[in-house]
Amino acid sequence: MHAFAHSGEDEAFRSELCAWLAAHLPAEAVPEAEAERHRFLRAWQRTLAAGRWVGVHWPREHGGRAASLQEQIIYTEEMARVRAPAILDPIAVNIVGPLLIRYGSEAQRARLLPPILPGDEVWCLGFSEPGAGSDLASLRCRAERDGDAWVVSGQKVWSSKAHIADWCLLLVRTDSDAVKHRGISCLAVDMRSPGITWRPLVQLSGRSEFNELFLDEVRVPPANTIGPVNGGWPLVRAALAHERGTLWAFEFKIRLQNAAQALVDLYRRRGIGALRQDVAQAYIEAQIFAAHTLRILPRLHDAADAPPEAALQKLFGSEIQQRTCELAMALLGPDGALSGAAWQEAYLYSRSVTISSGTSEILRTLLAERALGLPRG
Ligand SMILES: Cc1cc2nc3c(=O)[nH]c(=O)nc-3n(C[C@H](O)[C@H](O)[C@H](O)COP(=O)(O)OP(=O)(O)OC[C@H]3O[C@@H](n4cnc5c(N)ncnc54)[C@H](O)[C@@H]3O)c2cc1C
């Protein structure tokens, strides 16, 4: 069946979700201030979890609905239609949970999975380091065995939500002699462990969602190793595949189409003739992205690893997002800089989207080599 042809069962899923949303969607707007925003989003995630409406792609035995691709599409469409707030911890629900389900031990699943869906425990990702971003396999944060513990020392950077996280999915080097991606392990680290400190990084918008993370002889039980020792690299690939995977692509499609429509509405109000062609071009690009997303969704969904199309979508979508925001700021003129309105926040944030989950340069290289078969540069 095609990704967007829905069966009667799918429509029953939609009706159940719509009825639930009609009864539970919060009437209030998401608060601006960070602490209140986190409280609000945690309460919303807990409500969703009580109705089994968060992590719908998780297996039933872990609190999900084992949702099919069609059901996940419906879920994303309906949440966007009613403008449902985000959840507090998409990283845990979409990346950490699925990794634990696939690679975790029985004991790890029993301890770590239940608090994820209701947002009772928050996770951050300790992957990037000051000298290891695009070339993640060159990471240097080290874990050495000392009796009954790993002893971890090193630095991470850009760790989203580390300042509110209970756990960190941490990549460490456990064998310095092996080929670089063969000496990496993945640990679940309790963020309250002695020896962990963090420093917030202030963004262009004035918010601080990211942190530098410092680990100084942090003791971690070996039972917290996820997957085999020195076998952490496949987990990294799975995490990245998810960041460029099905749900991301579909959510992004909706977001870009909404942004293109908002841009058209903005043009109607501001009417700057010199930008008319650019607005039409932005609208066309959002439609192309949408059509391409629908075409490749089944392939993204079925692939164990991210296929080259996922890189193409991430590259194209992030660059469209930047152009759309730049155009909105041009239409707003000085008002855009003064207003503190949604477009300004979106514009400032959009500078980061061609960096996170693979920079545009890295994605172009990947496409050149893996999709086009061009010789290595
Ligand atoms: C919004 C956001 C959220 C993030 N959240 C997290 C998180 O929660 N946890 C986490 O661990 N990390 C996170 N990151 C970090 C992110 O994964 C890295 O920023 C990304 O991998 C790029 O690494 P870098 O910043 O070290 O840049 P570098 O790798 O140093 O790259 C610098 C520049 O050099 C270019 N470059 C590098 N290598 C090559 C090459 N071989 N060929 C051509 N050009 C090259 C890059 O394209 C880039 O323009 C986040 C980043 C952002 C922006």
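Taking the Cα centroid of the range 153-188 and of the range 79-115, what is the distance between the two, rounded to the nearest whole Å?
19 Å
Past the 26 angstrom mark, what percentage of all C-alpha to C-alpha distances in the range 161-275 do you count? Please list the in-between numbers first.
Details: 3026 of 6555 pairs.
Roughly 46 percent, once rounded to a whole number.
What percent of all Cα-Cα pairs in the range 255-294 falls into each 5 Å bin, going from 0 up to the bin containing the maximum distance?
Spelled out bin by bin, the range 255-294 gives 6, 27, 30, 19, 11, 5, 2 percent.
Evaluate the Kirkwood expression for the hydrodynamic radius of the range 71-195, namely the inverse of the mean inverse distance over all pairs of different C-alpha atoms, and round to one decimal in Å. Numbers along the way, then the final one.
On the way: mean 1/r = 0.0620 Å⁻¹.
Evaluated over the range 71-195, this radius sits at 16.1 Å.
Counting only complete DSSP H runs, which helices of the chain cover 30 Å or more along their long axis at the Cα atoms and score a mean Kyte-Doolittle of -1.0 or above? Mind dumping the intermediate values first?
Details: long enough: 246-270 (36 Å, -0.22); 276-302 (40 Å, -0.13); 308-332 (36 Å, 0.20).
Span-like helices in the chain: 246-270, 276-302, 308-332.
Just the number, please: Stokes-Einstein D of the range 210-293 in µm²/s, Kirkwood Rh from C-alpha pairs, 4 °C, 1.567 mPa s. Display every interim value, and only then the final one.
On the way: Rh = 17.0 Å.
It diffuses with D of about 76 µm²/s by this estimate.
How big is the convex hull of the Cα atoms of the range 45-113, per residue, in Å³? Spell out each step's value before the answer.
Details: hull volume 6.0 nm³, N = 69.
Dividing the Cα hull volume of the range 45-113 by its residues yields 87 Å³.
Aspartates and glutamates within cross-link reach of LYS253: Cα-Cα under 12 Å, excluding same-chain residues under 8 positions apart?
Partners found: GLU77, GLU285.
Placing +1 on the Cβ of each Lys and Arg and -1 on the Cβ of each Asp and Glu in the range 201-320, which of ALA291, ALA259, ALA280 has its Cα farthest towards the positive end of the resulting dipole?
Selected residue: ALA280.
Which order do the peptides 342-349, 329-336 take when ranked by the mean count of other beta-carbon atoms within 10 Å per residue, highest first?
On the way: 342-349: 17.5, 329-336: 15.2.
Highest mean packing first, the order is 342-349, 329-336.
So, in Å, what gap is there between the alpha-carbon centers of the range 277-341 and the range 225-262?
Rounded to whole Å, the Cα centres lie 16 Å apart.
Just the number, please: Stokes-Einstein D of the range 3-148 in µm²/s, Kirkwood Rh from C-alpha pairs, 10 °C, 1.306 mPa s. Walk me through the intermediate numbers first.
Numbers: Rh = 17.4 Å.
Rounded, D is 91 µm²/s.
Just subtract the alpha-carbon distance of ALA80 and GLU144 from 0.36 nm times their residue separation and send over the number in nm, one decimal. Mind showing how you got there, number by number?
Values: separation 64, 0.36 × 64 = 23.04 nm, distance 4.58 nm.
Full-extension gain reported as 18.5 nm.
Residue-wise, which Karplus ³J(HN,Hα) couplings in Hz belong to the range 179-191, taking 6.51 cos²θ - 1.76 cosθ + 1.60, θ = phi - 60°, and x for glycine or proline?
Once θ is set to phi - 60°, the couplings for the range 179-191 become 3, 4, 7, 9, x, 10, 10, 10, 10, 9, 10, 5, 5 Hz.
Which peptide among 111-119, 290-298 comes first, and what is the full order, when sorted by highest mean count of other Cβ atoms within 10 Å? Don't skip to the end; give the middle numbers.
Values: 111-119: 20.4, 290-298: 17.4.
So the order, starting with the most tightly packed, is 111-119, 290-298.
Regarding the range 244-371, what's the average projected area of the Cα-atom convex hull, expressed in nm²? Before the final figure, lay out the partial values.
Values: hull surface 31.5 nm².
The number I arrive at for the range 244-371 is 7.9 nm².
How long are the semi-axes of the equivalent ellipsoid of the range 8-88, taking √(5λ) for every eigenvalue λ of the Cα gyration tensor, in whole Å from largest down?
Details: eigenvalues 109, 41, 20 Å².
Equivalent ellipsoid semi-axes, largest first: 23, 14, 10 Å.
For LEU338 and GLU369 in one chain, what is 0.36 nm times their gap in residues minus the Cα-Cα distance, to one decimal in nm?
Contour length minus the Cα-Cα distance gives 6.8 nm.
Write down the Kirkwood hydrodynamic radius of the chain, to one decimal in angstroms, obtained as one divided by the mean of 1/r over all alpha carbon pairs. Don't skip to the end; give the middle numbers.
Values: mean 1/r = 0.0450 Å⁻¹.
Across the chain, the inverse of the average 1/r is 22.2 Å.
Below 8 Å, C-alpha to C-alpha, sequence gap of six or more: please give me the relative contact order for the chain in percent. Can you show the working numbers first?
Details: 568 pairs, mean separation 46.4, N = 377.
Averaging sequence separation for qualifying contacts and normalising by length gives 12 percent for the chain.
Helix-derived [θ] at 222 nm for the chain: sum -39500 (n - 2.57) over DSSP H runs of at least 4, divide by residue count, nearest 500?
Numbers: 12 runs with 171 residues, N = 377.
Rounded to the nearest 500, it is -14500 deg cm²/dmol.
Lysines near LYS180 by alpha-carbon distance under 23 Å, same-chain residues fewer than 8 away left out - which ones?
Reachable lysines: LYS156.
I'd like to check one number: the per residue accessible area of the range 149-201, probe 1.4 Å, reported in Å² as a whole number. Before the final figure, lay out the partial values.
Numbers: 2190 Å² over 53 residues.
It amounts to 41 Å² per residue over the range 149-201.
Tally Lys/Arg at +1 and Asp/Glu at -1 over every other residue whose Cβ is under 15 Å from the Cβ of GLU212; what's the total?
Numbers: positive: ARG140, LYS156, LYS161, ARG199; negative: GLU129, GLU209, ASP216.
With Lys, Arg at +1 and Asp, Glu at -1, the net is +1.
On the accessible surface of the chain, probed at 1.4 Å, how many percent belong to carbon and sulfur atoms?
Details: 9970 of 18210 Å².
Percent of accessible area from carbon and sulfur atoms in the chain: 55.
The values are calculated or read from the model by the stated rules, or taken from the named source; none is laboratory data. The model shown is predicted, which means the values in this text are computed figures rather than measured ones. Neighbour counts run over all protein chains shown; Cβ positions are idealised from the backbone, glycine included. Quick note on the areas: whole protein, heavy atoms, side chains included, nothing else; ligands and nucleic acids left out. Shrake-Rupley method; radii C 1.70, N 1.55, O 1.52, S 1.80 Å.
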